[in-house]
Amino acid sequence: MLRAALSKAAKERRSEIKLQPELLSRPAKPAERRLIRMLAEAEGFRAELARHLETSRLYQGLETEKIFAALVSAALSGGPLQASEIGSRLEDRERRLFFEILFEDAQSPSWEEAQSCLDTLARKQLERELAEVQRGIEANPSGQALKDLLTRKQDLMRRLAASA
């Protein structure tokens, strides 16, 4: 891709190259990618994984949220999961990512691996919450609002330490 972009820039006598942003980096973290793959393929524990994700909502706020929502919904419906049907519910960008993930090489899924990925998402969620609380503290609230934010921060830091 880079070679083609450089060649095109040279032919057009441009001093810069332009790559599509979605091609520069992988849009989903490894734990997200693996959980998506497990939801699509792990027939033995797909429903249990979907129930856990539905309850915990660990996928909310992630770039892959729409993919997770479609997969969780399909898995909880009890019917067979059809990748093409899931893909038809997604927008182009999410659909491309979904099928990219499905075509990656991967080992057989296990519940232990799923739990590890869920733990990773839970930790990331705590880190996002902590960053949000920190921004609230830096906004210099007064009185009870500051006290509540500091209490929340201590709780989140304690939970993060326990998850390590």
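The values are calculated or read from the model by the stated rules, or taken from the named source; none is laboratory data. It should be emphasised that the depicted structure is a prediction, and the values quoted were computed from it without experimental measurement. Note: ideal-geometry Cβ built from the backbone for every residue, glycine included; neighbour counts use all protein chains shown.
Can you find, within segment 96-116, the residue that is farthest from Glu85 (Cα to Cα) among those that are free of Cβ contacts under 8 Å to residues at least 12 places away in the same chain and among the acidic types (Asp, Glu)? Ranking the candidates gives Glu112 first. For segment 125-140, does any single residue satisfy the condition of being assigned to a helix (DSSP H, G or I), touching a residue at least 24 places away in the same chain (Cβ under 8 Å), closer than 17 Å to Val72 by Cβ and within 18 Å of the chain's Cα centre (by Cα)? Within segment 125-140 (the criterion being assigned to a helix (DSSP H, G or I), touching a residue at least 24 places away in the same chain (Cβ under 8 Å), closer than 17 Å to Val72 by Cβ and within 18 Å of the chain's Cα centre (by Cα)), the answer is yes, since at least one residue qualifies. Each residue in segment 94-124 was checked for being assigned to a helix (DSSP H, G or I) and polar (S, T, N, Q), and 3 of them qualify. Residues of segment 42-85 that are closer than 20 Å to Ser110 by Cβ, out of contact with any Ser or Thr (no Cβ under 9 Å at 6 or more places or on another chain) and part of a helix (DSSP H, G or I): Arg46, Ala47, Glu48, Leu49, Arg51, His52, Leu53, Ser56, Phe68, Leu71, Val72, Ala75.
Looking only at segment 89-124, residues that are under 24 Å from Glu54 (Cα atoms), within 18 Å of the chain's Cα centre (by Cα) and of a type in the set (Phe, Trp, Tyr) come to 2 in all.
Under the condition of being modelled with pLDDT of 75 or more and part of a helix (DSSP H, G or I), which residue from segment 10-26 is surrounded by the fewest Cβ atoms within 10 Å (Cβ to Cβ)? Only one residue fits best here, namely Lys11.
Counting only residues that are within 15 Å of Thr64 (Cα to Cα) and either surrounded by 10 or more Cβ atoms within 10 Å (Cβ to Cβ) or of a type in the set (Ser, Thr, Tyr) (or both), segment 77-93 holds 5 of them.
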